[in-house]
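Comments concern the structure below.
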Amino acid sequence: MVALYHYDVRNMQSTRGSSLLVETLRTFNASKIREDFPILSRDVNGSRLVYFDNAATSQKPTIVIEAVASYYRQYNANIHRGIHKLAEEATLAYEDVREETAKFTNARHSEEIIFVRNATEGINLVANSWGRKNVGRGDKIVITIMEHHSNIVPWQLLAENTGAEVEFVGITKNGTLQQERLDDAVDDKTKLVAVTHASNVLGTINQVNAIGRIAHKHGALFLVDAAQSIPHMKVDVADIDCDFMAFSGHKMMGPTGIGVLYGKRKFLEDMPPFLGGGEMIKEVHTTGTSWNELPYKFEAGTPDIAGVIGLGAAIEYINRLGIKNIQEHEQELTGYALNKLAGLKEAMVYGPKSSKERVGVISFNIGDIHAHDLASILDEEGIAIRSGHHCAQPLMEFVGVPAMARASFYAYNTEEEVDRFVDALEVAKRVFNV
Amino acid sequence: MSSDIYKDIILDYYRHPRNFGELPNADIRVKDANPLCGDVIEMQLKVKEGKIADIRFQGKGCAISQASASMLTETVKGKTLDETKALGKQDILNLLGIDPGPTRIKCALLGLKVMKLAVYGYLGQSVGDEVKQLV
């Protein structure tokens, strides 16, 4: 069993700092990892659960569940204000996670880590705060056709409010970004390039370093939506040289309701607040108000303290498994699943052919079976997949299908589960006489 | 819910939908989608003397949504607008012959919702919450 992060508050001091640079597991064993996830031993419709909806949200290991519970049991208090012991412990734990998140993402300064609800809120923060100050009529925001709605709609709203325009860059037949089109689209009117690191539908990993260079060449800022990448691969903001990066905790084994916006300090310092209220102010007078320093300027009101502490436990757990190990395991599993699906002649699989160009996300259709019907039949077998437009309707229109079924993997999934999944697809074919 | 919902009759209506297509000179056409899953249904009605004289539907979606919409068009053809307004969830379940369960019931009711929007729209009446909450 892994040590529980902040489970014992008496040892809180000793859990700070270097102790989280834990030794990663020498041998990666998904079957062993499963034991850390209580939910994976439950049955669904009479069969052992196969959870392949990880791109929607991941399951939580005991260490995360206990970290949240132990905050409420042992040191629940509001942070940054109280003078008493509980407030001190809660504040230490909360700020400790900020430091760990900075290390995890290789941010230079911990105040570049802003806690928000999720990736969506992080992107909305940039659109409302940075966007309203820096984007005007005739300016351009360049995004891609494979964005999740969360990295489309905030920019459309900003464009509506400022008279700017949003330009979409398309994808190739193989499901990868048309890089040369991006080069054409980004010009000196472009204020921001906002791109998903990994597609939640196609699984495609975008070449964010190269995209960032194109943005910066034209003086535009570069935002990376890391919601689908950071749970599964190393995301290093210094290496990518992105100006903003957003992700959600719940897709990386953390609780729902907590996410992170990373921003380069020089930009965050120059940005006006997003939400007003407590915590984000320095002084409030009837005649006016001055803002608090980073990161508090962007954390109005009591934050999701338990969520932050749970996120810290998730980061510790991922560090322990080793993000490289997780990625390798998922690539193997994805390759295994792609091979099996290639054997089903009725299966249409979308996205890159090679598992090396993907995260563990596979979208597909089987014959004329609608994705919802497929998901219903798989649910019968205890297998959870996603179906529909995946909050990516422009991509669906681009590909020309109304819906897709999607299986998405995580560290705890196994080849045996992929076998059960493929067997269930055969059941669906029989039901629909495909 | 079980795979039993995919009875032959539902698959038959999915693959060979009755009253599917364009209705030229429709008196009213209404389209609506289930925003959660993207299923779309459009109903087109021709009304004569308070009755649905002709009807066509078009749409995209799962077997449950398309089959139930198609079955519904057959049911209402020749019915008065008042009779059509009175149709409810149970009528759809009776048509399907199964209860698709809580996660799929909205698929089954999309056609009914659009049908009601069309009838109320034709009559120039405002739609109650009862209709809005169908899907």
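The values are calculated or read from the model by the stated rules, or taken from the named source; none is laboratory data. Treat the numbers as computed from the prediction; the structure is a model and nothing was measured. Using ideal geometry, Cβ is built from the backbone for each residue, glycine included, and neighbour counts are taken over all protein chains shown.
Could you check how many residues of the range A:386-429 are more than 10 Å from chain B (Cβ to nearest Cβ), at pLDDT 95 or above and surrounded by fewer than 24 Cβ atoms within 10 Å (Cβ to Cβ)? Total satisfying the criteria: 14. Could you check, for the range B:56-66, whether at least one of its residues is within 12 Å of the chain's Cα centre (by Cα) and more than 14 Å from every other protein chain (Cβ to nearest Cβ)? Checked the range B:56-66: at least one residue is within 12 Å of the chain's Cα centre (by Cα) and more than 14 Å from every other protein chain (Cβ to nearest Cβ). For the range B:90-135, the tally of residues that are at pLDDT 95 or above, surrounded by fewer than 18 Cβ atoms within 10 Å (Cβ to Cβ) and in contact with a helix residue (DSSP H, G or I) (Cβ under 6 Å, 6 or more places away or on another chain) stands at 0. Each residue in the range B:15-39 was checked for being crowded, with 17+ Cβ neighbours inside 10 Å, under 14 Å from the mean Cα position of the chain (by Cα) and either more than 9 Å from chain A (Cβ to nearest Cβ) or at pLDDT 95 or above (or both), and 7 of them qualify.
With respect to A:Ala403, is the statement that it is in contact with a helix residue (DSSP H, G or I) (Cβ under 7 Å, 6 or more places away or on another chain), within 26 Å of A:Met252 (Cα to Cα) and not assigned by TED's automatic domain parsing to the domain that holds A:Met233 true? So A:Ala403 passes the test.
If you go through the range A:59-94 and pick out every residue that is in contact (Cβ under 8 Å) with a residue 24 or more places away in the chain, over 23 Å from A:Ser110 (Cβ atoms) and not polar (S, T, N, Q), you end up with 5. Filtering the range A:67-100 to residues that are touching a His at 6+ places or on another chain (Cβ under 9 Å), surrounded by fewer than 18 Cβ atoms within 10 Å (Cβ to Cβ) and among the charged types (D, E, K, R) leaves only A:Glu95.
Yes/no per residue for (1) in contact with a strand residue (DSSP E or B) (Cβ under 8 Å, 6 or more places away or on another chain); (2) assigned to a loop (DSSP other than H, G, I, E, B); (3) surrounded by 23 or more Cβ atoms within 10 Å (Cβ to Cβ); (4) without any contact (Cβ under 8 Å) to a residue 40 or more places away in the chain:
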| site | (1), (2), (3), (4) |
| --- | --- |
| A:Gly122 | yes, no, yes, no |
| A:Ser129 | no, no, no, no |
| A:Met146 | yes, yes, yes, no |
| A:Trp155 | yes, no, yes, yes |
| A:Leu158 | yes, no, yes, yes |
| A:Lys173 | no, yes, no, yes |
| A:Glu180 | no, no, no, yes |
| A:Asp188 | no, yes, no, yes |
| A:Ala194 | yes, no, yes, no |
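Of the set (1) without any contact (Cβ under 8 Å) to a residue 12 or more places away in the chain; (2) closer than 13 Å to B:Leu110 by Cβ; (3) away from chain A (no Cβ under 14 Å), all apply to B:Lys48 but (2). Looking at the range A:235-242, can you tell me whether even one residue there is closer than 28 Å to A:Gln59 by Cβ, outside the structural domain of A:Ala407 (by TED's automatic domain parsing), at pLDDT 95 or above and surrounded by fewer than 16 Cβ atoms within 10 Å (Cβ to Cβ)? Within the range A:235-242 (the criterion being closer than 28 Å to A:Gln59 by Cβ, outside the structural domain of A:Ala407 (by TED's automatic domain parsing), at pLDDT 95 or above and surrounded by fewer than 16 Cβ atoms within 10 Å (Cβ to Cβ)), the answer is yes, since at least one residue qualifies. Selection of the range A:159-206 for residues being under 21 Å from the mean Cα position of the chain (by Cα) and of a type in the set (Ser, Thr, Tyr) yields A:Thr176, A:Thr196, A:Ser199, A:Thr204.
Being surrounded by fewer than 22 Cβ atoms within 10 Å (Cβ to Cβ) and at pLDDT 95 or above is a description that does not apply to A:Ala337.
Based on this model, can you work out whether A:Val44 counts as closer than 16 Å to A:Leu311 by Cα, surrounded by 15 or more Cβ atoms within 10 Å (Cβ to Cβ) and β-branched (Val, Ile, Thr)? The answer is no for A:Val44. The residue of the range A:301-329 that is surrounded by the most Cβ atoms within 10 Å (Cβ to Cβ), among those that are of a type in the set (Asp, Glu) and either under 27 Å from A:Arg117 (Cα atoms) or touching a Leu at 6+ places or on another chain (Cβ under 7 Å) (or both), is A:Glu316.
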